[in-house]
Every structure is written in C-alpha cells, then in structure tokens.
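**Student:** Let me begin by handing over the structure; questions about it come next.
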Amino acid sequence: MKLRVHQLAKELGYDSPKFLEKLSEIGVSVKSHLSGLTDEEIANIKRKLNKKDDRQQNKSNENHNKHVKETPNINKQDTTKVQNRVETNKKKMRIKWN
C-alpha cells in the first residue's frame, strides 16, 4: 500500500515542510509531500527516525546532567533557623500593620 509523504508526516506528528527536512537529513530523497512511499520505505523511515530521536534524547540527557547541580544537604538545624526567621518576620509585619 502506498502512503503519501504528507500522510506519514501527519501520522508521525510532523508538519510537511519539517518532515521533508527530516527525510533529507536521514538520506531519504522525495520530490514533494505528495510523493508516494512503499511499505518498505515507510518502515525504513520510521526505523531511522527512531534511531535519530533516541540519539538526540541521549545527547540532551547528557547535556542536562552536566548542568544540573547537586541538591545541597539541608539538615534539620537549617530548616529550624529558616522557620524561626519566617516567624520573626511575620511578627514584625503584624506589629507594623497594627
């Protein structure tokens, strides 16, 4: 069964112009969004796009991990200090407004 490029693009969640760019990036040449694709070509395109998406996902995860800072250890004493400051500020605000 032949499927048109724009139909496959819609099925995979792409708009036609962007999908044509993706196809050229993965080495699939089509003349236009109305070109027909065989089942073999469709399977090949899906396989290549999945590989590319997996590589991009892995790369973005690596970049994310480089930039994420470790969460500092917060001990109970620090949280108590912060709570005391908050309570003190609340009391000051009540005094100013009364």
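**Student:** Could you order peptides 88-94, 25-31 by the average number of other Cβ atoms within 10 Å of their residues, highest first? Could the numbers behind the result be given before it?
**Tutor:** Numbers: 88-94: 9.9, 25-31: 11.4.
The most tightly packed comes first, giving 25-31, 88-94.
**Student:** I've got another one for you. With labels modelled as points extended 7 Å from the Cα through the Cβ direction, what inter-label distance (nm, one decimal) is found for residue 35 paired with residue 91?
**Tutor:** For residue 35 paired with residue 91, the spin-label model returns 7.6 nm.
Values in this text are rule-based calculations from the coordinates and carry no lab data. Just so you know, these numbers come straight off a predicted model, no measurement behind them. Cβ coordinates were reconstructed from backbone atoms using ideal geometry, including for glycine residues, and neighbour counts include every protein chain displayed.
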